[in-house]
Structures are given as structure tokens and as C-alpha cells.
Amino acid sequence: MPELPEVETIKRELEKTVLNKKIKEVIIYNPFVIKQPSKEKFKKELAGAVIKNILRKGKALIFELSNGKFLVVHLRMTGQLVYPGAGKQARVSFKLSDGKNLDFNDRRLLGELRLVDNWENLQFFKTLGLEPFGLDVNKFKALLNAKKTKIKPLLMDQTFISGVGNLYAAEVLFRAKIHPQRSAALLSDKEKELLFKEIKDVLNEAIHFGGSSVDQYVQLSGKPGNYVKHHKVYDREGKPCLVCKTPIQRIALGGRGTYFCPKCQR
DNA sequence: AATGGGACCTGCGCGC
DNA sequence: TGCGCGCAGGTCCCAT
């Protein structure tokens, strides 16, 4: 469940810890997570490279390397980056020039590592929507007006806007008082404006608290993120709404568990 | 264009 | 207690 706040948290910690360090060696415990190139090339081409810059695009991290290549990391569901890491239980461990490990862990093996010449050529980035922070309210309204689809799956559509996943979509809609099944285009002007504000506010607050540790996510240091205690609806089925005490409902929407307050959200 | 489903994976928690 | 199953949700892919 790493979404924008979790990945941004990791990015900021990476900048403080591994920037300008050299990757001395790559140890691959499970080659399944390496999507390109071959594991042999992956190892060979990363050895000796210095981490020059770290970018985040939506939920993806990009390490810019001194050899001109880019290491693209997507944590998907259960991926973790941990530093300093223990090495052993990792899927891939990057041994750095400071003698410590930057570990990529991933219980479910859905995460992806790619070493590429140009990250912008990857299809994922070509179709990635703008981040909420890169939009103004009028552009956001225009995007919504072009879509008749249900608002909640739309917020999670990374080609629409990038960075929002299932957890934050639920929290944002609660704060905007919008039912997850409402049609995007048919929201009122005021609702669209409030929604836009709450997207940015929720993401910023979550970043402030180091993200939400549900299931597998941890910060780079291995510590949990503390935003969970601020969740209003996510994973609270049957518990009283913190505003009106109505039991929180859970429905399936677009195949995803969707939590909301049936009274507050209309 | 929108929507639904399945696939990729593993491990947890639930009911029987 | 043990076992099988549903479910978690990011992304891609296919069918309707």
C-alpha cells in the first residue's frame, strides 16, 4: 500500500542517507523482482555506480546514477526499502560504500526493479497523470468534467492523477463528504474544489506523519509510519463514524474494498 | 469510453 | 488443532 506519502517519506530519507554513496555490489536473493535487464547485467551495470539523485514520480522511485543509468523501483503492494538493512531476508541487497546495505524486501514479490537508460521511455511514466500538487483547481475541475466514471476508482487511476491509492482515496472522500460512487463530472463546483483541497491536505498530512503503516509498509529506517491513527474510515468497517457515530460501511468498488460513512458522505 | 474480471504473488485471519 | 479459502490492493491485460 505504499502510496504517494509513503514513497515520498522513503525518498526524503534516502536523500539524507544514501545520496552520493557508491553501490559496491548487488546481491540478488530472488531474481523475480528484477524486470530488466537480465540479472547478470543488472548486477554488473550497478556495481561501482554512485547514487547522484533521487526522484519520485507518483508511487515510483527513480535513482539517477553516475553511469548515466536509472534504477527504477516500484514497491507495489508489499515492497520495502530499508537502510541500513540486514541483507539476508531481502530480495535484493545493495551493498554501499559505507559498508551498509540498502535492502529491497518484498513479501509478495509484486514489486519491480528496473535498470534503464531512460526512465521516461517506460510506458508507466508515459501514461502517468500529473500529481495533485502539480495541478491548479481549474485544471482539476476540467479533468473531472471529462469523466462520468465513479469518483473513487477515478482518484486511484494513475493516468488521471498520480499518487493516490485505495487508502487515501477513502480518506480524501470522507473529508470531502463525497460518496465514493458519485459520478466525477456531476459533482458540484464546491464539491470539486473541496475535493481538490482535501487531496492535497490528506497527502501532506500523511507525509508529515511518515505515511501509513498498514500491512507491510515501513519507513526507510524500518520504523512504522504514524498516519494510521489519523485514519477516519479506512479499515474501520462497522466502527462508529468519528463525526456522526454511524457505522462505517465497506463495499466493493472496482474490485477494491471501499470504506465510507453512509451518513456523512452523500 | 467505461467497466468488470483475472492475473501476478504471499501470508494472514477467518470459519468450520 | 488443522485446513482451506477469501482477501489484501498496485498495475497490467483482456473481454464486453
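Read the figures in this text as sums done on the coordinates, not as results from a lab. None of these values were measured; they are calculated from a predicted model. Cβ placement follows ideal geometry from the backbone for every residue including glycine, while neighbour counts extend to all protein chains displayed.
Distance from the Cα centroid of the range A:103-166 to that of the range A:43-76 is 19 Å (rounded to whole angstrom). Taking a straight Cα-Cα cut-off under 16 Å and skipping sequence neighbours fewer than 8 places away in the same chain, the lysines within cross-link reach of A:Lys239 are A:Lys229, A:Lys263.
Other residues within the sphere of radius under 14 Å centred on the Cβ of A:Val116, judged by their own Cβ, net out at +1 (K and R +1, D and E -1). Once you divide the Cα radius of gyration of the range A:199-266 by 2.2 N^0.38 Å, the number left is 1.23. DSSP beta bridges confined to chain A are antiparallel in about 95 percent of cases. Taking the C-alpha atoms only, the angle from helix A:189-208 to the longest principal axis of chain A is near 40 degrees. Straight-line cross-link reach from A:Lys245 at under 13 Å between alpha-carbon atoms covers these aspartates and glutamates, not counting any fewer than eight positions away in the same chain: A:Glu237.
Annotation: amide H-H contacts under 5 Å for A:Thr78 (H modelled 1.01 Å from N, sequence separation of 5 or more, or interchain): A:Arg108, A:Leu110, A:Gly111. Using only Cα atoms, find the angle between the long axis of helix A:166-175 and the longest principal axis of chain A, and express it within 0 to 90 degrees, rounded to the nearest 10. Approximately 30 degrees, to the nearest 10. Here's the picture: charge each Lys and Arg Cβ at +1 and each Asp and Glu Cβ at -1 in chain A, and of A:Ile251, A:Ile27, A:Ala176 the one pushed furthest to the positive end of that dipole is A:Ile251. Farthest toward the positive end of the dipole of the range A:132-260, out of A:Tyr217, A:Gly238, A:Val228, is the Cα of A:Gly238, where the dipole comes from beta carbon charges about the Cα centre. Report, as a whole number in µm² per second, the diffusion coefficient that Stokes-Einstein gives for chain A at 10 °C and 1.306 mPa s using the Kirkwood radius over alpha carbon pairs. After rounding, the answer is 82 µm²/s.
In this structure the amide hydrogen of A:Glu3, modeled in the peptide plane, comes within under 5 Å of no amide hydrogen from residues 5 or more places off or on another chain. Below 13 Å, Cα to Cα, which aspartates and glutamates can A:Lys152 reach? Residues fewer than 8 away in the same chain don't count. Result set, ordered by chain and number: A:Glu171. Compute the FRET efficiency between A:Asp98 and A:Ser38 as 1/(1 + (r/R0)^6), taking r as their Cβ-Cβ distance and R0 = 35 Å, and round to the nearest 0.05. That gives a FRET efficiency of 0.80.
Relative to the dominant Cα principal axis of chain A, helix A:4-17 is inclined by about 30°.
Taken over the range A:4-125, the convex hull of the Cα atoms encloses 90 Å³ per residue.
Amide H contacts for A:Glu131 (H built 1.01 Å from N in the peptide plane; partners 5 or more residues away or on another chain; cut-off under 5 Å): A:Ser162.
With 15 Å as the cut-off, how large is the P(r) tail for the range A:136-226, expressed as percent of Cα-Cα pairs? Looking at the range A:136-226, the distances longer than 15 Å represent 59 percent of pairs. Estimated from helical segments only, the mean residue ellipticity of chain A at 222 nm is -8000 deg cm²/dmol, where each DSSP H run of four or more residues counts as -39500 (n - 2.57).
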